[in-house]
Amino acid sequence: EATRGGRPSFAFYTEELTLQARHRLELGAALRLAVERKELVLYYQPIHDLRTGSLAGVESLVRWQRPVHGLVPPGEFIPLAEEMGLIDRVDAWVMGEACAQMQAWRQRGVSPGFVAVNVSSRLFGGDMLLPRVEEVLAQTGMDASLLEIEVTESAIMDQPDRALAQLDRLHVRGVRLALDDFGTGYSSLLRLKLLPLHKLKIDQGFVRGLPDSQGDRAIVLAIISLAHQLGLKVLAEGVETQAQLDFLVAHGCDLAQGYFFGRPVPAGVLFPDEPLAH
Ligand code: C2E
Ligand code: MG
Ligand code: MG
Ligand code: MG
């Protein structure tokens, strides 16, 4: 028993762990039901073209509208969904919802250009990505070129060969691929060369220090140059200030997203319904 032998701190520690484990179990059980109960919601963040200044596309970002608890951010349930083997269902729902929303916008003539969807490494491992993409495109009738899949370096490094095979097939299909959080994962430049990428997304950790931090300036300039030399588009994440934006524009960054342009918002906030004509 934990309290015996004069180790109350140990007892406290196990109690804490038990609480944590219980919380996780509870959260996990609730999450399992969340997809069926339609508790997941998609928010959309604008992505701007820095050459024209106009809207180039949107990134879809999932939230969990949990009854009583309120809106849960993805950082609090995506890792759990991955551990519990639920992420496939979450990502599959997200992809269907994002493409259906995109089609609805297009039918109203307010197309945001493209819709980006984040995909977890689990989908690569299970070979489920391509079939799901095909299914969603068939169901929604959306053009493949309007869909962008965002993957992280670590997602690819989990199963490099399988990931590469699926990404190649998506590329042939016309779906675009973006490497998310670039610079934070571990990958080789050799691997980068082999990936059928359309875009590099510079992680917000490097954008935050612009334009003052010499280290961040050097890294961002190197990534912009690398992307362009590889024939890729480059996007800066987490742009919050005019000074950051000015630096990025001056150095030829193609695209940007961040609170400076707009936070992630529900579809109806991004493109409000037209007022009724009277
Ligand atoms: P991410 O794909 O890198 O998404 C960017 C994150 O940065 C989003 O957080 C966004 O709200 C936040 N962000 C955007 N602009 C700014 C800014 O100017 N300043 C700051 N500080 N933050 C900004 P969010 O929505 O909490 O998502 C976090 C992560 O969760 C995402 O990072 C992505 O890795 C993951 N995620 C989100 N939706 C999904 C999904 O549907 N499936 C999967 N597998 N992962 C998802
Ligand atoms: Mg992303
Ligand atoms: Mg990112
Ligand atoms: Mg991220």
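Computed from the coordinates by the stated procedures, all read-outs in this text should not be read as laboratory data. Note that the structure is a prediction, hence the values are computed from the model and not measured. Because the Cβ atoms are built from the backbone with ideal geometry, glycine has one as well, and the counts that use them run over all protein chains shown.
Once a ≥ b ≥ c are taken as the square roots of the eigenvalues of the Cα gyration tensor of segment 133-278, is the result rounded (a/c under 1.5), prolate (a/b larger than b/c) or oblate (a/b not larger than b/c)? It would help to have the intermediate numbers written out before the result.
Numbers: a/c = 2.24, a/b = 1.05, b/c = 2.13.
Judged from the Cα gyration tensor, segment 133-278 comes out oblate (a/c at least 1.5, b/c at or above a/b).
Round to the nearest 10 and give me the degree value, 0 to 90, for the angle of helix 160-173's Cα axis relative to the longest principal axis of the chain.
Long axis of 160-173 versus the principal axis of the chain: about 40 degrees.
Please sort 232-244, 66-78 by packing, taking for each peptide the average over its residues of neighbouring beta carbons within 10 angstrom, highest first.
Values: 232-244: 20.2, 66-78: 13.2.
Per-residue mean Cβ counts within 10 Å order the peptides as 232-244, 66-78.
Across 5 Å bins from the origin, how do the percents of Cα pairs in segment 157-226 run, short distances first?
Percent of pairs per bin, in order: 3, 15, 24, 23, 15, 11, 6, 3, 0.
With no solvent and one point on each alpha carbon, what is the Debye value of log10 I(q)/I(0) for the chain at q = 0.17 Å⁻¹?
Debye intensities relative to I(0), on a log10 scale: -1.42.
222 nm [θ] for the chain, helices only, -39500 (n - 2.57) per DSSP H run of 4+, per residue, to 500?
-14000 deg cm²/dmol
How long is the gain from residue 259 to residue 51 if the chain were fully straight, where each residue apart is worth 0.36 nm and the alpha carbon distance is subtracted?
Extending this stretch completely gives an extra 73.0 nm.
Where in segment 175-240 are there chymotrypsin sites (Phe, Trp or Tyr not before Pro) that are in a DSSP coil and have at most 11 other Cβ atoms within 10 angstrom of their Cβ? List each step's numbers first, then the result.
Working: sites: 182, 186, 206; in loops: 186.
Here the sparse-neighbourhood loop sites are 186.
What's the local net charge at residue 245, with K and R +1, D and E -1, over the other residues with C-beta under 15 Å away? Spell out each step's value before the answer.
Working: positive: 51, 208, 217; negative: 49, 212, 216, 237, 240, 246, 254.
With Lys, Arg at +1 and Asp, Glu at -1, the net is -4.
Which percent of the Cα-Cα distances in segment 96-208 go past 26 Å?
The calculated P(r) of segment 96-208 puts 20 percent of pairs beyond 26 Å.
How tilted is helix 8-34 with respect to the longest principal axis of the chain? Cα atoms for both, answer in degrees (0 to 90, nearest 10).
Computed tilt is about 50 degrees.
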